[in-house]
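Q: Below you will find the structure I want to go over with you.
The values are calculated or read from the model by the stated rules, or taken from the named source; none is laboratory data. Just so you know, these numbers come straight off a predicted model, no measurement behind them. Methodologically, a virtual Cβ is constructed for each residue, glycine included, from the backbone with ideal geometry; neighbour enumeration extends over all protein chains shown. Heads up: the accessible areas ignore ligands, DNA and RNA and are worked out on the full protein's heavy atoms, side chains in. Shrake-Rupley method; radii C 1.70, N 1.55, O 1.52, S 1.80 Å.
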Amino acid sequence: MDIEYLCFSVPSIDGTDDIIHDGDDENTIWIKTKDRELRETAEQNNMSIVFDRTTKKFYKLGEKFDISGKIIFPRSHIAYEKELISNILEQGGIPIETMEDYDKIIYWPNFIKPVHRKLVVTTYKEFIENAESYRTMFQRIFLKTAIKSRIRHILTAFGTVNIEGEDFFFTKPPLFDLKKDDTIFLSEAFKPISDPENDMSCKEYRVFVVNDSLLSISRSYVDYETQVPEAVTAFAELQIKRISKVPEFPSSYVLDIGQVLMDGKEVIDMIEFNPICSSGLEVSHKLVEEILKRRNAPKQFVKK
């Protein structure tokens, strides 16, 4: 199943979400720049269509476009992801990510566990009630919410204190915005490995997976091509093969992996999964290049 188009969600046919404003922080500027680069590369290769959130229509080169039967790679910010996927489906397109896929990827530890790190899925309420058990389970707890961009911290301290006869649960750093029924992931905190060659504090990699095969892999947090170690690529390929056998797990997603220290030993492990529709980009043009390479590759036929 070859991708025919990348579809970008835009506020209107004459506008985009990647306009940089004076108040944008460094991370926002990065995201907008990478999105624009991907859209421009897709346009140059006749692979770009847009979804107008005002008219709820699809366009190619400014003209209304019938997406029926087209295999589409949706691209949008998180806030517009569900709207884009729903409209592709309603208008007869075939997105490589569905809404069911989205939910499964957000809650990926229900299906898959890292190779080296312990990881538990629970609620904040259950964590509070069984805090002492978790203290013995983990050396250093990394807590993050299932919902992207909410809360993610290494807990340096947690427990119950009694103030004037009443017990209160505390964490350091404090988790003010966390609700008791929020789903959280608890895992063993790893130590990143610095990368002086690229002036980075970690060695992490972003893997785009389409139809259970590696589409592209690149260093995270850099916008230029770097050499990916063979061991990292081999690990990614092995995990993709393992994940393809997990019942009901999506076949298209983004997997972040890293070279990290666990118990003083350098290992390669999975860090997290993200929906492919809204995941941030590193070397933007690589996605289009790899899609075209797949599309133009000689087809393999097996003689019966």
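Q: Which of the following residues is β-branched (Val, Ile, Thr), touching a residue at least 60 places away in the same chain (Cβ under 8 Å), closer than 26 Å to THR98 by Cβ and assigned to a helix (DSSP H, G or I): ILE31, ILE3? Reasoning before the result, please.
A: Numbers: ILE3 fails: assigned to a helix (DSSP H, G or I).
Just one listed residue meets the conditions, ILE31.
Q: Would you check which residues across segment 62-101 are in a loop (DSSP other than H, G, I, E, B) and among the acidic types (Asp, Glu) and list them?
A: Our first condition is that a residue be in a loop (DSSP other than H, G, I, E, B); within segment 62-101, this holds for 62, 65-70, 76-77, 91-93, 96-98.
Matches in segment 62-101: ASP66, GLU97.
Q: Could you grab me the full set of residues in segment 144-165 that are open to solvent by less than 50 Å² (accessible area, probe 1.4 Å), closer than 30 Å to LYS245 by Cα and out of contact with any Lys or Arg (no Cβ under 7 Å at 6 or more places or on another chain)? Quick ask: steps written out before the conclusion?
A: Here is the first cut: in segment 144-165, the ones open to solvent by less than 50 Å² (accessible area, probe 1.4 Å) are 144-146, 151, 155, 157-159.
From what's left, closer than 30 Å to LYS245 by Cα: 144-146.
Residues satisfying the conditions are THR145, ALA146.
Q: Do we find a residue being within 18 Å of the chain's Cα centre (by Cα), small (Gly, Ala, Ser) and modelled with pLDDT of 95 or more anywhere in segment 7-17? Steps first, answer last, please.
A: Filtering segment 7-17 down to residues within 18 Å of the chain's Cα centre (by Cα) leaves 7-9.
In the following step, the residues that additionally are small (Gly, Ala, Ser) were identified as 9.
Within this subset, residues satisfying the condition of being modelled with pLDDT of 95 or more are 9.
Looking for residues that are within 18 Å of the chain's Cα centre (by Cα), small (Gly, Ala, Ser) and modelled with pLDDT of 95 or more, one finds at least one in segment 7-17, hence yes.
Q: Take the conditions over 24 Å from the mean Cα position of the chain (by Cα) and without any contact (Cβ under 8 Å) to a residue 12 or more places away in the chain and apply them to SER68. Does it pass? If you could, list the steps in order and put the result at the bottom.
A: On the way: over 24 Å from the mean Cα position of the chain (by Cα): yes; without any contact (Cβ under 8 Å) to a residue 12 or more places away in the chain: no.
It is false that SER68 is over 24 Å from the mean Cα position of the chain (by Cα) and without any contact (Cβ under 8 Å) to a residue 12 or more places away in the chain.
Q: Okay, next question. Please name all residue pairs, on different chains or six or more residues apart, with Cβ atoms under 6 Å, provided the first residue is in segment 151-169 and is within 22 Å of ALA189 (Cα to Cα) and modelled with pLDDT under 90 and the second residue is part of a strand (DSSP E or B) and of a type outside the set (S, T, N, Q).
A: ARG152/LYS144
Q: Can you name every residue in segment 211-262 that is in a helix (DSSP H, G or I), open to solvent by 20 Å² or more (accessible area, probe 1.4 Å) and either among the β-branched types (Val, Ile, Thr) or over 22 Å from ILE96 (Cα atoms) (or both)?
A: Kept after step one, since they are in a helix (DSSP H, G or I), are these residues of segment 211-262: 230-244.
Of the ones still in play, those that are also open to solvent by 20 Å² or more (accessible area, probe 1.4 Å) are 230-231, 233-235, 237-238, 241-242, 244.
Selection gives GLU230, ALA231, THR233, ALA234, PHE235.
Q: Could we say that ILE85 is open to solvent by less than 80 Å² (accessible area, probe 1.4 Å), among the β-branched types (Val, Ile, Thr) and in contact with a Ser or Thr (Cβ under 7 Å, 6 or more places away or on another chain) here?
A: When the stated conditions are applied, ILE85 passes them.
Q: Just name the residue that is least open to solvent (accessible area, probe 1.4 Å) out of those in segment 263-281 that are over 24 Å from LYS104 (Cβ atoms) and in a loop (DSSP other than H, G, I, E, B).
A: My answer is GLY264.
Q: Just need a number here: residues in segment 45-61 that are part of a strand (DSSP E or B) and either open to solvent by 30 Å² or more (accessible area, probe 1.4 Å) or of a type in the set (Ser, Thr, Tyr) (or both). Give the derivation first.
A: Of all residues in segment 45-61, those part of a strand (DSSP E or B) come to 48-52, 57-60.
So of that shortlist, the ones also either open to solvent by 30 Å² or more (accessible area, probe 1.4 Å) or of a type in the set (Ser, Thr, Tyr) (or both) come out as 48, 57, 59-60.
Number satisfying all stated conditions: 4.
Q: Of all residues in segment 102-143, which are open to solvent by 80 Å² or more (accessible area, probe 1.4 Å), within 30 Å of SER251 (Cβ to Cβ) and part of a helix (DSSP H, G or I)?
A: Correct list: ASN110 only.
Q: Of the numbered conditions (1) surrounded by 12 or more Cβ atoms within 10 Å (Cβ to Cβ); (2) within 26 Å of ILE106 (Cβ to Cβ); (3) of a type outside the set (D, E, K, R), PHE176 fails exactly one; give the number of that condition.
A: Going through (1) surrounded by 12 or more Cβ atoms within 10 Å (Cβ to Cβ); (2) within 26 Å of ILE106 (Cβ to Cβ); (3) of a type outside the set (D, E, K, R) one by one, PHE176 breaks only (1).
Q: On to the next question. Would you call ASP181 out of contact with any strand residue (DSSP E or B) (no Cβ under 7 Å at 6 or more places or on another chain), farther than 30 Å from PHE51 by Cα, open to solvent by 60 Å² or more (accessible area, probe 1.4 Å) and part of a loop (DSSP other than H, G, I, E, B)? Don't jump to the end; show me each part of the working.
A: Details: out of contact with any strand residue (DSSP E or B) (no Cβ under 7 Å at 6 or more places or on another chain): no; farther than 30 Å from PHE51 by Cα: yes; open to solvent by 60 Å² or more (accessible area, probe 1.4 Å): yes; part of a loop (DSSP other than H, G, I, E, B): yes.
Judged against the criteria, ASP181 is not a match.
Q: Next question. Restricting the search to segment 62-77, which residues are surrounded by fewer than 11 Cβ atoms within 10 Å (Cβ to Cβ) and within 17 Å of ASN45 (Cβ to Cβ)?
A: The initial filter retains those residues of segment 62-77 that are surrounded by fewer than 11 Cβ atoms within 10 Å (Cβ to Cβ), namely 62-63, 68-69.
None - no residue of segment 62-77 is surrounded by fewer than 11 Cβ atoms within 10 Å (Cβ to Cβ) and within 17 Å of ASN45 (Cβ to Cβ), so the list stays empty.
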